[in-house]
Amino acid sequence: MDFLAPVNISEIASLINATIVGGNRGEVKGINELNRVEAGDLAFVDHSKYYDKSINSKATFIIINKEVKVPEGKTLLITENPFEAYCKIVAYYRPFTKALKTINSDNIGEGTFIFPTAFIGNNVTIGSNCIIHPHVTIMDHCVIGNNVVIQAGTVIGSDAFYYNTKKEREVWYKKMPSCGRVVIDDDVEIGAGCTIDRGVTHDTRIGKGTRFDNLIHIGHDTVFGKNCLVAANVVIAGYVNIKDAVTIWGGCIINKTLTIGENAVLLGRTGVGGDLEGNKTYWGAPAQEASAVKRDLIWMKRIPQLWEKVMKKS
């Protein structure tokens, strides 16, 4: 999440009652999660497992609960509970705003038609010549490009399924407030009954020319390239990078934090647990090249025949 204007680090330290350690007393561009962090951003870490990752990330400013060696160009904000500090920053710079009518944004392009019963949240941008069908929900701060069609019942910008987990607490899972957006580029079509979660702090993005069937779930911070094709009942977790021209057929399940290369094809009901190279066709769970899976199936069908031959020889 970028702030509306850069914020001096001392103001944030005062807000969260943190001690500043390090030489950089500059301004913070925004707050971001480690998987999407950029230079000028503020990130947080509250577990020793991720100390090195956070310190060596692109983040310029880091909220942390332990004083560690500060690399040149980095600034630490030391506070007892970095997660609560993160929540306080989000609540302050991206506060909850009530929506008291069904269309709460004036930033809607020429030629766009919004059916009755659709809901448009605060600070939403919609381009020109779009069609937003009945019962579509577009939540706050989302961005819709030109010539976009969104079919009935789809939700754009639902909160990320993302929790801070501490098993020593009575309530283990505490929700991380989602302050990212969903950005849908030009010439995209989204089917009925889909859900596209907003980024935790960054953007979930659907690339130009992409087509979604019905009943598809896209997790937070997932980024699609251009001209992808996704059939019904596909489930994609968070932080997935899907490159240009990927085809995903019905019922596929894709795990978090992985990349699928350009022009890859996933046949129906494929389960993806790791990165996949582009320009190949995959099938099965775990995903393998489809030709290898088909070859294995042919051999499996021959097992009874081969077994019978072996038994006759014995």
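The values are calculated or read from the model by the stated rules, or taken from the named source; none is laboratory data. All values derive from a computational prediction rather than experimental measurement. Positions of Cβ are generated from backbone atoms using ideal geometry, with glycine treated the same way; all protein chains shown enter the neighbour counts. For the accessible areas, the whole protein counts, side chains as well, though only heavy atoms, and no ligand, DNA or RNA atoms are used. Shrake-Rupley method; radii C 1.70, N 1.55, O 1.52, S 1.80 Å.
Tallying residues that are β-branched (V, I, T), within 17 Å of T204 (Cα to Cα) and either open to solvent by 50 Å² or more (accessible area, probe 1.4 Å) or part of a loop (DSSP other than H, G, I, E, B) (or both) within segment 136-148 yields 1. Here K294 fits the description: of a type outside the set (A, V, I, L, M), more than 22 Å from the chain's Cα centre (by Cα), part of a helix (DSSP H, G or I) and surrounded by 11 or more Cβ atoms within 10 Å (Cβ to Cβ). Restricting to segment 206-218, count the residues that are in a strand (DSSP E or B) and surrounded by fewer than 20 Cβ atoms within 10 Å (Cβ to Cβ). So the count comes out to 2.
Against the test of being surrounded by fewer than 21 Cβ atoms within 10 Å (Cβ to Cβ) and touching a Lys or Arg at 6+ places or on another chain (Cβ under 7 Å), the options D203, D221, D275 yield a single qualifying residue, D203. Pairing each residue of segment 196-215 that is at pLDDT below 95 with any residue that is assigned to a strand (DSSP E or B) and surrounded by 24 or more Cβ atoms within 10 Å (Cβ to Cβ), provided the two are 6+ apart or on different chains, yields C-beta distances under 8 Å for T201/I31. Anything in segment 239-254 that is open to solvent by 80 Å² or more (accessible area, probe 1.4 Å) and of a type outside the set (K, R)? List them, or say none. Those that are open to solvent by 80 Å² or more (accessible area, probe 1.4 Å) and of a type outside the set (K, R): W249, I253.
If you scan segment 230-243, which residues turn out to be part of a loop (DSSP other than H, G, I, E, B) and within 18 Å of G274 (Cα to Cα)? Once the filter is applied, which keeps residues that are part of a loop (DSSP other than H, G, I, E, B) and within 18 Å of G274 (Cα to Cα), segment 230-243 yields V234, A237, G238, Y239, V240, K243.
Surrounded by fewer than 20 Cβ atoms within 10 Å (Cβ to Cβ) and under 14 Å from the mean Cα position of the chain (by Cα): is that true of L267 in this structure? Criteria not met by L267. Of all residues in segment 33-61, those that are on the phi < 0 side of the Ramachandran plot and part of a loop (DSSP other than H, G, I, E, B) total 11.
Quick grid of which residues meet (1) touching a Lys or Arg at 6+ places or on another chain (Cβ under 8 Å); (2) open to solvent by 50 Å² or more (accessible area, probe 1.4 Å); (3) farther than 18 Å from T125 by Cα; (4) hydroxyl-bearing (S, T, Y):
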{"position": "I150", "(1), (2), (3), (4)": "no, no, no, no"}
{"position": "I156", "(1), (2), (3), (4)": "no, no, no, no"}
{"position": "E170", "(1), (2), (3), (4)": "no, yes, yes, no"}
{"position": "G180", "(1), (2), (3), (4)": "yes, no, no, no"}
{"position": "E189", "(1), (2), (3), (4)": "yes, yes, no, no"}
{"position": "C194", "(1), (2), (3), (4)": "no, no, yes, no"}
{"position": "R198", "(1), (2), (3), (4)": "yes, no, no, no"}
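Scanning segment 95-117 for residues that are surrounded by 12 or more Cβ atoms within 10 Å (Cβ to Cβ), part of a loop (DSSP other than H, G, I, E, B) and hydrophobic (A, V, I, L, M, F, W, C) turns up A99, F115.
Answer with yes or no whether K166 is open to solvent by 10 Å² or more (accessible area, probe 1.4 Å), more than 17 Å from R36 (Cβ to Cβ) and touching a helix residue (DSSP H, G or I) at 6+ places or on another chain (Cβ under 9 Å). Criteria met by K166. Of the residues making up segment 62-85, at least one is part of a loop (DSSP other than H, G, I, E, B), open to solvent by 70 Å² or more (accessible area, probe 1.4 Å) and touching a strand residue (DSSP E or B) at 6+ places or on another chain (Cβ under 7 Å).
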